[in-house]
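Structure, as structure tokens:
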Amino acid sequence: MANFPNSPGIGSVFVDTTSGFSYEWTGDVWRSFTAASTSNVKELDDISSNFDNSTTTFNLTVGGREFVPQSPNLLQISLGGVIQEPTTDYTVSTSTITFTTAPNAGLDFFGVVRGSAVAIDYANDGNVQTKQEFNVTGAGQTQFTITNGYTAGYIDVYRNGIRLAADDVTTSSGSIIELAVPAQSGDIIETIKYNVASVVVTQGNFTNLNISGVATVGVLTGATSIQSGVYYGDGSALTGIDATSLKDTGGNVKAQATSTGVVITGIASATSLTVGTAVSVSNGAVSATRFHGDGSNLTGIDATSLKDSGGNVKAQANPGGVVITGVLTATTGSFSGNVSIGGTLTYQDVEHIDSVGIITAQQGIQVLANGLDVTGVSTFTGNILPEANGTRDLGATGTRWANLYTSDIDLSNEAKGGNEIDGTWGSYTIQEGENDLFLINRRTGKTFKFVLEEVN
């Protein structure tokens, strides 16, 4: 188990005596710069004698014993001096290896197994970025350009299947590798570049592990605390979350904590809700000591006053009834008791008027079968008419008017069908003159004068 020192300086070297690896601190990661020790590297038994141009699956053994690698990426397989890419050129299942293309008879085989303690610059399945191969056609070539570049220190270079040491190749430009010894015609130069800061550990502990970038961990156990500036991925299993805001999938804050509470943006849905001792929501019912806002859908309201939008009381209940401030507009109204109006009552189509004062009618009064019973003085701005011509009397034989005050008198008995003497009908108007009283026959147009005798 590698136990890396705390707070290393850039360029600090740590030697793991268990695995035999040496590591150098780059400022971001511990990077191995030596190959694995012989105790952790095994050579596979030669299987080339079984190559027959058709067979693709072979048994893997080490020292004549069955061998099961932990990962195909722990193997370095060479066929005829050409390094094979794991999962692409071959796959491994338990102790068997299956090649994508059947090896030809007579082809050389070489296989190396890296141990369980693997150098940081050796990668697992997901850390190999790409493999690139160069077939040299002319002598003297030393430089080779890597497609899409590479990260210095995270690339392996092979010459005819042999991995080159640091003295044999320069890999610092990020795009070009340069051989110390020029390649010859027919040479095969292969490169394998890796993702940066990838760590493969089958078992072991780190006292301090600093990772620059994104770390993907299947299961992390045994840690008392994990500190990071930013977290990514599924946090559904996290507990003890202390946050100031909750966001939707679009990154919009929907719940924001403030010094006074929480501000909800949008709709808050809850089966039940209790706010202190004043508000309780349960099973669709809201109980509160005070409400604000739109109460148009509230039912069962028991109130002593009704207010307008400005907070002014327009209807106030008191022991005697309801006091209306302003104009009362109603389609219909029904009163079982007395109605008292302190100001002016403007009405239309009113029945059964019992007035103790003056009644002012704008359009006249129509007297029906039950008559007009008025106590006091009635003032009319229009005419007083019966419902039909010649159907109603003004007074009666036993209840006569005391005095009749009028201007001209317009007489007609046409509606009655004539008089009781000769059965004819007439129409006359009596008008007053200064010294005489005149009678006008409206049927003939003739005028007459009453003969008046002065009485001393």
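The values are calculated or read from the model by the stated rules, or taken from the named source; none is laboratory data. Since we're looking at a predicted model, the values are computed, not measured. Don't worry about glycine lacking a Cβ; one is built from the backbone with ideal geometry, like all the others, and counts go over all protein chains shown.
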Matching residues in the stretch 400-456 (farther than 24 Å from PRO386 by Cα and of a type in the set (Gly, Ala, Ser)) number 3
Restricted to the stretch 247-287 and to residues being part of a loop (DSSP other than H, G, I, E, B), at pLDDT below 75 and not polar (S, T, N, Q), the residue surrounded by the fewest Cβ atoms within 10 Å (Cβ to Cβ) is GLY284
Sole miss for GLY204 among (1) more than 30 Å from PRO8 (Cβ to Cβ); (2) surrounded by 12 or more Cβ atoms within 10 Å (Cβ to Cβ); (3) modelled with pLDDT under 80 is condition (1)
Going through the stretch 418-456 in order, the residues found to be within 23 Å of TYR405 (Cα to Cα) and of a type in the set (D, E, K, R) are GLU432, GLU434, ASP436, ARG442, LYS449, GLU453, GLU454
Quiz item: Within the stretch 154-174, is there a residue that is loosely packed, with under 14 Cβ neighbours inside 10 Å and on the phi > 0 side of the Ramachandran plot?
Solution: yes
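Go through SER309, SER340 for me and flag whichever is out of contact with any helix residue (DSSP H, G or I) (no Cβ under 7 Å at 6 or more places or on another chain) and closer than 27 Å to VAL279 by Cβ. So that I can check it myself, show each step before the final result.
Working: SER340 fails: closer than 27 Å to VAL279 by Cβ.
Step by step, each of SER309, SER340 is checked, and only SER309 is out of contact with any helix residue (DSSP H, G or I) (no Cβ under 7 Å at 6 or more places or on another chain) and closer than 27 Å to VAL279 by Cβ.
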Residue count, the stretch 137-170, condition within 13 Å of LYS193 (Cβ to Cβ) and in contact with a Ser or Thr (Cβ under 9 Å, 6 or more places away or on another chain), comes to 14
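Going residue by residue through the stretch 45-55, is there one that turns out to be among the β-branched types (Val, Ile, Thr) and modelled with pLDDT of 90 or more? Don't jump to the end; show me each part of the working.
The first filter runs over the stretch 45-55 and keeps only residues among the β-branched types (Val, Ile, Thr), leaving 47, 55.
In the following step, the residues that additionally are modelled with pLDDT of 90 or more were identified as 47, 55.
Scanning the stretch 45-55 turns up at least one residue that is among the β-branched types (Val, Ile, Thr) and modelled with pLDDT of 90 or more.
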| Among the residues of the stretch 386-401, is there at least one that is under 30 Å from VAL451 (Cα atoms) and of a type in the set (Asp, Glu)? | yes
The number of residues in the stretch 415-443 that are surrounded by 10 or more Cβ atoms within 10 Å (Cβ to Cβ) and either modelled with pLDDT of 90 or more or assigned to a loop (DSSP other than H, G, I, E, B) (or both) is 20
